[in-house]
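A.B. asks: Below is the structure I would like to discuss, written out as structure tokens.
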Amino acid sequence: MNIVVAIKHIPSIADDVPVKGNNVDFDSVDFVLNEWDEHSIEQAVLIKEAVGGTVTVIGVDLIGELDNALHLALAKGADKVVKITADDPAADSHMQAKWLSEAIKGMGANMVFAGVQASNDLDGQIGPMIAAYLDMPYIGGVSSVEANSDSATVNKEFAGGAGAKYSVSMPFVAGVQAAPKPPRYAPVSKVRQMAQSATVEKVAPSGDASSGLTFKKMAPPVVTGHAEMIEGSSKEVAAKIVELLKSKGLA
Amino acid sequence: MLTPIEKILFILLALVSAGFTFHGFKTIIDTVRKGRPAPELKNIPASLLKAGVTVLFQRTIFKARKALSAVHLGLFFGLITYAFVNLFDVLEGLIPNFDLTYSGKHLAPPAWTIPLINIYSLVSDVMSMFLLIAITIFLVRRFIVKDKALTYRENVLLNPKVKAGGQAKDSLIVGVFVIMHVTAHVLSQAYRLTEGADPFMPFASFLNSIFGASETGMHVAWWVSIGWVMFIIPYLSRSKHTHFFMAPINLGLAKQNPRGQLDPAIPLKVIDGRKYDPGAKVITDLAWKRILDAYACVQCNRCQDVCPANFYQRPLSPSALEVNKRYLLKEATFGSHPDLLLAPLTETVISPEAVWSCTTCYACVRVCPVGNEPMADIVDIRRRMLIDGFEIDSGVQTALQSLATNGNWMGKGKRLRGRWAKELEFPVKNATEEPVEVLWFVGDTASFDERVIPNTKMVARIFHQAGLDFGILYQNESNAGNDVRRVGEEGLFEQLVEQNMAAFGKAQFQRIVTTDPHSFNTLKNEYPQFGGKFEVKHYTVTLLKLFEEGKLTVKNKLSHYKVTFHDPCYLGRYNGGFTAPRKLLELLGVEFHEMPRNCENSFCCGAGGGQIWMGKVAPGERPAENRIKEALSTFEKHPSDKKQLFIVTCPKDMVMYSDAVKTTGNEGKIEVRDIIQLVAEAVGVEEVSPIVG
Amino acid sequence: MSNDILVITEHMDGKFSDVSFELVGKAKELAKALGGQAAAVVVGGGVDANVFASDSTIQVDDAALSQFNPEAYAKVVEALVKEKSPKVVMFGWTVTGMDIAAWLSARLGVPCAAYAKDVRVEGGGIVVSCQAYGGKLTAEVAPEGETAIVACLAGSFPAEAGQGATAAEKIASPVDLSGLKMKFIEMVKPAGGDVDITAQTKLVSVGRGIGGKENIELAEELAAKLGAVVSASRPVVDAGWLPRTRQVGKSGLKVKPKLYLMLGISGAPEHLEGMKGAELIIAINTDKKAPIFNVAHYGATADLFEVAEAMLELL
Ligand SMILES: Cc1cc2nc3c(=O)[nH]c(=O)nc-3n(C[C@H](O)[C@H](O)[C@H](O)COP(=O)(O)OP(=O)(O)OC[C@H]3O[C@@H](n4cnc5c(N)ncnc54)[C@H](O)[C@@H]3O)c2cc1C
Ligand code: SF4
Ligand code: SF4
């Protein structure tokens, strides 16, 4: 089974996201791996462990710091890693998806996984776009993939705990929402070992696409309302909540 | 005395016994040698000698249980005496007329030896009596009083044989041996007294007055006495009482590196080009020293008594760990289960849950009378579990992931590390940009935890007021890695060390000061192994010095406070930083009271070794809650209206104890404060903000 | 090229989701401003489509569309958009809409604005406000070109404006749907037997701040005292601390209780989607900057364990 996982390096939203002009201030923000990518890597490695095959992880290197995420993927069980050297922190999903699909084209992938979404997917996610560019079907919201010989049984989630099972013939692209198991921890010694021994294949970006969006403004949301804050020690807070609930007949 | 047939019998018996004994000890040595290389020891003869002296005076056991230890001291001297007694008994048996009764008159010795003979007779006679009493006390303790200290919690993983009372059987056999052996010896002397009482053998003479003298009795008693010895010596090599021999050796070979320096995950010394995986999965993955620990263990449970995890009803008992190792080794080498040597430690000696309960407080190592390091095993097991992809606590995983990406465990962006400093009314130097005298290593909790930041700022204000030339590393600082290493993530630890060493390399400074004991420990004791050559001080020492140099002066004496002080493990027990905080408190003029568990004997708050990262666990009284109660009962002995404060010198303690005051419902009775808050009040820096939330 | 708005509605088990009505309502407003028509598109036949206030409704019926099938649905939508060349194609940024919107954008080479919270007409074109970066930033973007795709977060507009009775025009699939690579096998229903959180009037909802499975009990106790039921954010469910049936939010259930007491939930947009309609929202969170405080009616910066325990004593 040949699985390609397309990942996205995105500005961290752990803290306030700084803005410069009409976009994120890319110079003063840390880049991290999109959290759903960890699930798609995990899903890929789980399949490999179950039925064998190779896992290739590929991403666009926006600021020259993608190696770490790639080494991490290797430590978790990926076999090969590729970075597209773009050096353009503002590259949007369309651009990245285009570059990724050009690079993935010749890889003979049976399945391509991507995180179901990323927090900066203003112009949509790379998963469905890669599918469109590669002319493969796309299924998102995926919570498990079981590979058979030339098709896979895929679970897609709907709201309310409901979901549906699909049989998808390969090749296809899946947007992974959650792996069946929480993403594993990769001990740093393994990651460092990879950093020393593994090679990251470099690919120059090829192809062109654009989101067609003009950014007019970017700012923290205007706070329309704010909760009435209950002050005091935890005990006082508890007392006031209980009082409030009683006054509304809710306790 | 013995007939020729008896002599032949004796010699045969002695040979058989010696053979079994040899086999016993050879097996032990071979087994110990199966362990991995341990850190190089220096000057072994000297430390063995020192250990010998220590053992002779039984110094280490007095760290706890004083009364019982005194009895043990007696028992120990009794047994030493008996080594001579047995020797003379054998000579009595083999050499005709060798008889030391009545000042050895049957032997017709030279006159100068007569006082010696008399002393020997008296000492051995009195010691015999004492031994019988002492051993009775121990047997009563184990079998009748059933001292709780000798049992284990239900949830602790125990070797089935231990569960079935294996240790008690051992104790009983040795107890019965001592009683039979001593009684038989004294009787053999009593039967010898054909001419009435010997003034130098009061006990034997008393028995003689009841049983009289008897040639047959003498022979029977002699055989019982010596026969037991022939049995017991080989038996000892196979029982828990190997500690008679192994404890002194183990003590002589005990850790020489600083307490705060963990042994490496992979031995530095490689034998025969062997490749080692980090940490330990099976028993032979442990360093040979850790295997020897199991033989040296006297199974006294002193370590269990002081273990905060055990107190908190976690399934961890450091002594059970050693005992289980011992039984595993016994079944694998003397028994018929050699495969046990390849059994995962987490299934045979310590449960995974127990492995993850350890706070790495070092209390077990400190208290152990024979120099064992159960904690070292636990860290090694963690190391391998991490490498082997064992599913770890989700809180720990999140913390480690954040540490790997952000350099802090709190999921905060690197850039925000110095944000607190930007909120001050004066600039704080960036040590990577301009030279400073003191490089302040702030640590994660003090940099990011909203509840602790007011204290962090207070430290800055006081340094500033004292005119100290200091700076911080801002986003170049990463977590020092102390707890990361103790969680077993050696690779991440090394990564953090490299990041910090790079930051230090960019900075110009004369010494490092830390507000966090955990950072302090690893910077001081472990960074040198990675090329970190710098002086590291805890802020309590720096503050004291600033007072002594007159750069800070106490304007307001704080005599309206009644305080006690908690020694953080990584400042106190690990690094002996006991005096600076106490001297500071004295300078500030507070009324100070020591808690019963202080200094070396301080009780862990429960946060160390990665515990602070784990999801809230288990019900039951937490160590920190117990500690708050200890403080309150200390204050109760000195009633007054003064405000009662619990003083800490560690940001984690601030969080742990403020929480414990609340959960024990003692708000209003006792308040947790960082020592810096008192200093601020005394020297007159405004804005003393107590912990909020 | 037209000034029409095409709304791709979504339905399951014979019912349209709220977001469909919200979008139709908004589409009408936009169409009016642009001088075009608002058309609702219903893919699949197993639903009564005469429920929208749209100017027109098209219902595409085909055996292959009887269940949601991302590939088939995408193909149908693609054909319709090509045929009608509308000014705006509106999707819900939902578990189904997300499968198609960006695909269509790349396929047709037209812009797509996702995470949309609002759309307005400005100088003959549209401007979309998007809530990106986990809700930490709002971006205003203007799509270029003739056609634009907008994928809106559920709950962004009132649903009432979209409700009506426009008769649907049924058509056959505009594309050949044989030879699909994706086959629907079966629905996977949530494990039965658990309580239905959508039917509750009071919920105590726990987030990642609850720390571990062992602490769920505390929330259960509090809920029991309040006559409430425990619900959760997604990470809690993903971690296996509570069953799926308790998940509130985008990929969970939408709830509208009288009381929604939140313990340690940060307020990610995906969670907000599921509970914004609650009548009284109280949030406890140690982070005074948690976005949930922008949404809750009452909030407190406090440790959830302490507050919960203190409340237990008072109730
Ligand atoms: C397609 C898709 C669908 C999704 N669907 C859903 C969904 O249906 N429902 C959903 O919830 N999420 C959903 N998500 C996930 C969503 O993006 C967020 O990741 C999630 O809602 C965050 O959950 P949380 O608030 O519990 O966790 P976090 O964001 O980690 O927040 C935990 C909060 O707890 C606070 N806290 C920590 N300790 C304490 C304490 N002791 N006391 C008080 N407060 C404390 C912290 O300050 C923090 O604010 C979906 C994501 C995607 C991509
Ligand atoms: S280090 Fe502390 S917590 Fe760990 S086993 Fe020893 S006494 Fe117990
Ligand atoms: S390890 Fe040390 S303290 Fe613990 S039981 Fe053994 S001898 Fe006693």
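The values are calculated or read from the model by the stated rules, or taken from the named source; none is laboratory data. The structure displayed is predicted, hence computed values, not measured ones. Every residue, glycine as well, gets a Cβ built from its backbone with ideal geometry; the counts of neighbours run over all protein chains shown.
A.B. asks: Can you confirm whether A:Thr85 is hydroxyl-bearing (Ser, Thr, Tyr) and under 23 Å from A:Pro205 (Cα atoms)? Outline the logic, then answer.
C.D. replies: On the way: hydroxyl-bearing (Ser, Thr, Tyr): yes; under 23 Å from A:Pro205 (Cα atoms): yes.
In short, yes.
A.B. asks: Further question on the same structure: Among the residues in the stretch B:334-342, are any surrounded by fewer than 19 Cβ atoms within 10 Å (Cβ to Cβ), more than 16 Å from ligand 1 (Cβ to nearest atom) and of a type in the set (Ser, Thr, Tyr)?
C.D. replies: Within the stretch B:334-342, one or more residues are surrounded by fewer than 19 Cβ atoms within 10 Å (Cβ to Cβ), more than 16 Å from ligand 1 (Cβ to nearest atom) and of a type in the set (Ser, Thr, Tyr).
A.B. asks: Would you mind finding the one in C:Gly252, C:Gly211 that is within 11 Å of ligand 1 (Cβ to nearest atom), small (Gly, Ala, Ser) and under 19 Å from the mean Cα position of the chain (by Cα)? Outline the logic, then answer.
C.D. replies: Values: C:Gly211 fails: under 19 Å from the mean Cα position of the chain (by Cα).
None of the other options fit; the residue is C:Gly252.
A.B. asks: Output the residues belonging to the stretch B:448-507 that are free of Cβ contacts under 8 Å to residues at least 60 places away in the same chain and touching a His at 6+ places or on another chain (Cβ under 6 Å).
C.D. replies: Listed by number, the list is empty, since nothing qualifies.
A.B. asks: Have a look at C:Gly145, C:Gly97, C:Gly124 and point out the one that is surrounded by fewer than 21 Cβ atoms within 10 Å (Cβ to Cβ) and either within 30 Å of C:Ala172 (Cβ to Cβ) or at pLDDT 95 or above (or both). Even if it seems obvious, please write down each step before you answer.
C.D. replies: Values: C:Gly97 fails: surrounded by fewer than 21 Cβ atoms within 10 Å (Cβ to Cβ); C:Gly124 fails: either within 30 Å of C:Ala172 (Cβ to Cβ) or at pLDDT 95 or above (or both).
One residue alone meets the criteria, C:Gly145.
A.B. asks: Can you find a residue in the stretch B:257-264 that is away from ligand 3 (no atom under 16 Å from the Cβ) and either within 14 Å of chain A (Cβ to nearest Cβ) or at pLDDT below 90 (or both)? Give the derivation first.
C.D. replies: We begin by selecting, within the stretch B:257-264, every residue away from ligand 3 (no atom under 16 Å from the Cβ); these are B:257-258, B:260-264.
Retained after the next criterion (residues that are either within 14 Å of chain A (Cβ to nearest Cβ) or at pLDDT below 90 (or both)): B:264.
Taking every residue of the stretch B:257-264 in turn, at least one turns out to be away from ligand 3 (no atom under 16 Å from the Cβ) and either within 14 Å of chain A (Cβ to nearest Cβ) or at pLDDT below 90 (or both).
A.B. asks: Under 8 Å between Cβ atoms, at least 6 apart or on separate chains: pull out the pairs that start in the stretch C:283-302 with a residue that is outside the structural domain of C:Ala232 (by TED's automatic domain parsing) and end on any residue that is charged (D, E, K, R).
C.D. replies: The qualifying pairs do not exist here.
A.B. asks: Can you tell me which residues in the stretch C:1-40 are without any contact (Cβ under 8 Å) to a residue 60 or more places away in the chain and either hydrophobic (A, V, I, L, M, F, W, C) or within 14 Å of chain A (Cβ to nearest Cβ) (or both)?
C.D. replies: Going through the stretch C:1-40, the residues without any contact (Cβ under 8 Å) to a residue 60 or more places away in the chain turn out to be C:9, C:11-16, C:31-32, C:35-39.
Passing the criteria: C:His11, C:Met12, C:Asp13, C:Gly14, C:Lys15, C:Phe16, C:Ala31, C:Ala38, C:Ala39.
A.B. asks: Take A:Glu102 and tell me if it is more than 12 Å from every other protein chain (Cβ to nearest Cβ), surrounded by fewer than 22 Cβ atoms within 10 Å (Cβ to Cβ), touching a residue at least 60 places away in the same chain (Cβ under 8 Å) and away from ligand 3 (no atom under 16 Å from the Cβ).
C.D. replies: For A:Glu102, the condition - more than 12 Å from every other protein chain (Cβ to nearest Cβ), surrounded by fewer than 22 Cβ atoms within 10 Å (Cβ to Cβ), touching a residue at least 60 places away in the same chain (Cβ under 8 Å) and away from ligand 3 (no atom under 16 Å from the Cβ) - is met.
A.B. asks: I've got another one for you. Looking only at the stretch C:201-222, which residues are buried (at least 21 other Cβ atoms within 10 Å of the Cβ) and more than 14 Å from chain B (Cβ to nearest Cβ)?
C.D. replies: Listed by number, the residues that qualify are C:Leu203, C:Val204, C:Ser205, C:Leu222.
A.B. asks: Can you tell me which of (1) assigned to a loop (DSSP other than H, G, I, E, B); (2) away from ligand 1 (no atom under 12 Å from the Cβ) is the one C:Ile281 doesn't meet?
C.D. replies: (1)
A.B. asks: Which one of the conditions (1) in contact with a strand residue (DSSP E or B) (Cβ under 8 Å, 6 or more places away or on another chain); (2) within 22 Å of B:Leu492 (Cα to Cα); (3) more than 14 Å from every other protein chain (Cβ to nearest Cβ) does B:Ile378 fail to meet, given that it meets all the rest?
C.D. replies: Of the numbered conditions (1) in contact with a strand residue (DSSP E or B) (Cβ under 8 Å, 6 or more places away or on another chain); (2) within 22 Å of B:Leu492 (Cα to Cα); (3) more than 14 Å from every other protein chain (Cβ to nearest Cβ), the odd one out for B:Ile378 is (1).
A.B. asks: A follow-up question, please. Can you tell me which residue in the stretch B:385-432 is surrounded by the most Cβ atoms within 10 Å (Cβ to Cβ), limited to those that are at the interface with chain A (Cβ under 10 Å from one of its Cβ atoms) and of a type in the set (Val, Ile, Thr)?
C.D. replies: By that ranking, first place goes to B:Val396.
A.B. asks: Name the single residue, out of those in the stretch B:334-358 being in contact with a Lys or Arg (Cβ under 9 Å, 6 or more places away or on another chain) and either within 21 Å of B:Lys169 (Cα to Cα) or polar (S, T, N, Q) (or both), that is nearest to ligand 2 (Cβ to nearest atom).
C.D. replies: The qualifying residue nearest to ligand 2 (Cβ to nearest atom) is B:Ser357.
One line per residue, one yes/no per condition, for (1) aliphatic (A, V, I, L, M); (2) within 10 Å of ligand 3 (Cβ to nearest atom); (3) outside any loop (DSSP other than H, G, I, E, B); (4) within 14 Å of chain C (Cβ to nearest Cβ):
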| position | (1), (2), (3), (4) |
| --- | --- |
| B:Leu316 | yes, no, no, no |
| B:Val323 | yes, yes, yes, no |
| B:Leu329 | yes, no, yes, no |
| B:Ala332 | yes, no, yes, no |
| B:Ser336 | no, no, no, no |
| B:Thr346 | no, no, yes, no |
| B:Cys358 | no, no, no, no |
| B:Cys361 | no, no, no, no |
| B:Arg366 | no, yes, yes, no |
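A.B. asks: So which of C:Glu186, C:Glu214, C:Glu146 ends up being closer than 28 Å to C:Lys87 by Cβ and among the acidic types (Asp, Glu)?
C.D. replies: Of the residues listed, the single one that is closer than 28 Å to C:Lys87 by Cβ and among the acidic types (Asp, Glu) is C:Glu146.
A.B. asks: Any residue that is in contact (Cβ under 8 Å) with a residue 24 or more places away in the chain and closer than 26 Å to A:Glu102 by Cα - is there at least one of those in the stretch A:154-166? I'd like the intermediate steps shown before the answer.
C.D. replies: Residues of the stretch A:154-166 that are in contact (Cβ under 8 Å) with a residue 24 or more places away in the chain, as a first pass: A:166.
With closer than 26 Å to A:Glu102 by Cα added as a condition, the list becomes none.
No: the stretch A:154-166 contains no residue that is in contact (Cβ under 8 Å) with a residue 24 or more places away in the chain and closer than 26 Å to A:Glu102 by Cα.
A.B. asks: Moving to a separate point now. How many residues does the stretch A:233-243 contain that are within 14 Å of C:Leu315 (Cα to Cα) and either facing chain C (nearest Cβ under 7 Å) or part of a loop (DSSP other than H, G, I, E, B) (or both)?
C.D. replies: 6
A.B. asks: To continue, here is another question. Quick one: would you say B:His638 is surrounded by fewer than 19 Cβ atoms within 10 Å (Cβ to Cβ) and touching a helix residue (DSSP H, G or I) at 6+ places or on another chain (Cβ under 8 Å)? Outline the logic, then answer.
C.D. replies: Values: surrounded by fewer than 19 Cβ atoms within 10 Å (Cβ to Cβ): yes; touching a helix residue (DSSP H, G or I) at 6+ places or on another chain (Cβ under 8 Å): no.
So B:His638 fails the test.
A.B. asks: From the list A:Tyr138, A:Tyr185, which one is under 20 Å from the mean Cα position of the chain (by Cα), at the interface with another protein chain (Cβ under 8 Å from one of its Cβ atoms), over 30 Å from C:Lys75 (Cβ atoms) and without any contact (Cβ under 8 Å) to a residue 40 or more places away in the chain?
C.D. replies: None of the other options fit; the residue is A:Tyr185.
A.B. asks: Could I ask something else about it? Out of (1) part of a loop (DSSP other than H, G, I, E, B); (2) within 11 Å of chain C (Cβ to nearest Cβ); (3) more than 25 Å from A:Glu146 (Cβ to Cβ), the odd one out for A:Tyr133 is which?
C.D. replies: So the condition that A:Tyr133 fails would be (1).
A.B. asks: Tally time: how many residues in the stretch B:644-663 are under 29 Å from the mean Cα position of the chain (by Cα) and within 14 Å of chain C (Cβ to nearest Cβ)?
C.D. replies: In the first step, residues of the stretch B:644-663 are kept if they are under 29 Å from the mean Cα position of the chain (by Cα); the result is B:646-661.
Checking the rest, the ones that are also within 14 Å of chain C (Cβ to nearest Cβ) come to B:655-656, B:658-661.
Number satisfying all stated conditions: 6.
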